[in-house]
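I have placed the structure first, in the form of structure tokens, so that the comments after it can refer back to it.
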Amino acid sequence: MLENLQYNIRESARARNVTLKVNRSDGLVVVVPRHFDQDLVPEILVSRRAWIDQQLERFDARPGKFDVDWPPKCIDLRSVGERVDVVYGSHARPSVKLKQDGRDLLLTLPSGVCNEHIVTVLTRWLKESARRKLVPIAESLSLAYGFEYARVVIRAQKTRWGSYSSRGTLSLNYKLLFLPEPLATHVILHELVHSVHMDHSDKFWEALEVVDPAARLHDQQLLEAWKYLPAWLD
Ligand SMILES: [Zn+2]
């Protein structure tokens, strides 16, 4: 429900309740009283979704997915410190061709290709990149801190950055590629700590803070991490 909803949270010393504001420059802003439990925000947004959509439409504050940064000139995979320039070419064949050549990503397009087709090809490349880059990171983190898992899979979850199943499957969202490195590491460590504590109890948080001392801050920052994702990516 909330996967495409972009918002900022603003703490206000004067606010007594949670209020929602929509304006053209900031989009949706959630004003919360100081010390408000921000984990509750997504639930509030779900309950106000109809109103929010109406406001966003009125202010046209939510740009369409192809309105900005399209077609992308570069793709910044922050979490792995890699940035590629996208170089476009055309050919007479019907398929989109993608080839990585060092720091260049060569995209050869048929004439009249639709945007969604290009996104599909880019997404496939991103998932492959995630497999190549994020899986080794998960392996080295688990070795460094002594966590165990059965396997790592790269997925395209709509609403979560990662998960850990009771069978020991560590699932990582390929979109972690776009996050700043500390946030991506935080997500992977969070899921790895679930190999020891399957809940979010105090013991879980204690264990997570041992390996990620800024875990609570990173957890907060994840709420706004959508802003690192390109708009064209769904
Ligand atoms: Zn968790």
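Please give the calculated 222 nm ellipticity per residue for the chain, where each DSSP H segment of at least 4 residues contributes -39500 (n - 2.57) and the sum is spread over every residue; nearest 500 deg cm²/dmol? Intermediate values should be presented prior to the final figure.
Details: 6 runs with 80 residues, N = 234.
Taken over the chain, the calculation gives -11000 deg cm²/dmol.
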Tensor-based shape of the stretch 13-52 (alpha-carbon gyration tensor, a/c under 1.5 rounded, otherwise prolate or oblate)
oblate
The answer for Ile9, listing residues at least 5 apart or on another chain whose modeled amide H is closer than 5 Å to its amide H, is Val30
Relative contact order for the stretch 131-228 using alpha-carbon pairs under 8 Å, separation at least 6, rounded to a whole percent?
23
Contact order normalised by length for the stretch 7-59, with contacts defined as Cα pairs under 8 Å and 6 or more residues apart; what percent is it?
35
Could you calculate the FRET efficiency of Asn23 with His200 from 1/(1 + (r/R0)^6), where r is the beta carbon distance between them and R0 is 35 Å, rounded to 0.05?
0.55
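Semi-axes of the equivalent ellipsoid for the stretch 131-228, please: Cα gyration tensor eigenvalues, times 5, square-rooted, ordered largest first, whole Å. Mind dumping the intermediate values first?
Working: eigenvalues 64, 56, 31 Å².
Over the Cα atoms of the stretch 131-228, the semi-axes work out to 18, 17, 12 Å.
Can you tell me, using C-alpha contacts under 8 Å and at least 6 residues apart, the relative contact order of the chain as a whole percent? Mind showing how you got there, number by number?
On the way: 322 pairs, mean separation 38.8, N = 234.
Across the chain, relative contact order equals 17 percent.
Classify the stretch 30-175 as rounded, prolate or oblate from the Cα gyration tensor: take a ≥ b ≥ c as the square roots of its eigenvalues, call it rounded if a/c is under 1.5, otherwise prolate when a/b beats b/c and oblate if not.
Details: a/c = 2.31, a/b = 1.11, b/c = 2.08.
Here the stretch 30-175 falls in the oblate category.
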Reachable aspartates and glutamates from Lys158, Cα under 13 Å, same-chain residues fewer than 8 places away excluded?
Glu3, Asp234
Under the 7 Å Cα-to-Cβ spin-label approximation, Thr123 and Glu11 lie apart by a distance in nanometres of 3.7
Using Cα centres only, tell me the gap between the stretch 156-234 and the stretch 105-145 in whole Å.
19
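The numbers here are math on the coordinates, done by the rules we state, and not lab data. Computed from a prediction, not measured in an experiment: that's the story for all the values here. Heads up, the Cβs are rebuilt from the backbone with ideal geometry, glycines too, and the neighbour counts pull from every protein chain shown.
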